[in-house]
């Protein structure tokens, strides 16, 4: 099977920034700490770091492409599922810092075509999955999945097609983890910036982070050089379509080291204002540990309680987790391409935090 050469979507030439006081990422492939906590057949990448001044230690195992026995390496790219939402939230917060967007203004300011009740919803409510707008995309998928998955429409058109249903609850009243919330987020950004959502993310988050192996997947992504293919327990491919309408919620790919670079940039540079970082780290839905675009979890360690940015993702058989302590940069990343249960990833991440 011939794999296509990967082409990065961004044309931005960003130099890789080294954070003050932080060691460069080392070319390490294993570590006793990681191996103690992983199943022997783990397929993917795991990375750990004691704090922002320490070296990132990376373990890679298993196969990225089983048909050709291509091994996973520390630089293998994986789809990261809903970690995309966290990166999207960082993008929106940057736009709020710039005065382009207001988290608490009605989205009708940018999408006046929406019904009045839907247009009254705010970005804060969308990004905490409390809009009350029904998941029109899910309903459409239930009726004709094949037809919907073939749609090559962007967020604005999708918002006006799937985000117009009569609200099922008042804004801010009820939690609903819905694709449609994030279609609307991307549509607002596109209207405000007058450019594709993907370009805004590339410019405002990815380029400043200095990453080169993170962007948005397109049709055929599983055949790109450097990308892991996802497989189910039977060893069959289990990948997922990545229609452009859902770019804000689950179509990004990345590597372990890139995810750490992004988190370092978010929490240890001036990418966001102090106010925006606080917004990103404030739980809005306590029952779900959910803030804006991701979770905030407190875990017990031998050094005391740690409150972590806890970003998990699942798409097809790709499973991912970024657990990051904004206080000192301690981090655990797990990327997997064999449909590993998210509960098992969470257990391993907590164990690694407790053992560092």
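Any read-out appearing in this document is the output of simple, stated calculations on the displayed coordinates, not a laboratory observation. If you're wondering where the values come from, they're calculated on a predicted model, not measured in any experiment. No Cβ is skipped: glycine too gets one built from the backbone with ideal geometry, and neighbour counts run over all protein chains shown.
Quick rundown of the values:
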read-out: Footprinting exposure proxy for 320, 209, 343 (fewest neighbouring C-beta atoms within 10 Å first); value: 343, 209, 320
read-out: Computed [θ] at 222 nm, helices only, for the chain once each DSSP H run of length n ≥ 4 contributes -39500 (n - 2.57); value: -9000 deg cm²/dmol
read-out: Protection-proxy order for peptides 109-120, 52-63, each taking the mean of Cβ atoms within 10 Å per residue, highest first; value: 52-63, 109-120
read-out: For peptides 149-158, 73-82, sequence by mean Cβ density within 10 Å, most packed first; value: 73-82, 149-158
read-out: For the stretch 85-193, alpha-carbon Rg over 2.2 N^0.38 Å; value: 1.00
read-out: Directionally averaged projected area (convex hull, Cα atoms, the stretch 20-177), nm²; value: 14.1 nm²
read-out: Spread of Cα-to-Cα distances over 10 Å intervals beginning at zero, given as percent, for the stretch 173-260; value: 15, 39, 35, 11, 1
read-out: Among 124, 191, 49, residue whose mean-square fluctuation peaks in a GNM of the chain (springs only between Cα atoms under 10 Å); value: 191
read-out: Angle in degrees between helix 256-268 and the longest Cα principal axis of the chain, rounded to the nearest 10; value: 60 degrees
read-out: Calculated Rg and Dmax of the stretch 284-356 using C-alpha coordinates, Å; value: 12.2, 36
read-out: Of 108, 147, 89, the one that fluctuates the most in a GNM where the chain has Cα springs shorter than 10 Å; value: 147
read-out: Over the stretch 234-355 - Rg/Rh using Cα atoms and the Kirkwood inverse-distance radius; value: 0.97
read-out: Peptides ranked, highest mean first, by Cβ atoms within 10 Å: ranges 201-208, 229-236; value: 201-208, 229-236
read-out: As computed over the chain, the Cα convex hull volume per residue (Å³); value: 132 Å³
read-out: Whole-Å distance, taken between Cα centres, linking the stretch 137-152 and the stretch 44-122; value: 23 Å
read-out: Nearest 10 degrees, 0 to 90: helix 136-149 Cα axis against the chain principal axis; value: 70 degrees
read-out: GNM result for the chain, Cα springs below 10 Å: residue of 125, 342, 70 fluctuating most strongly; value: 70
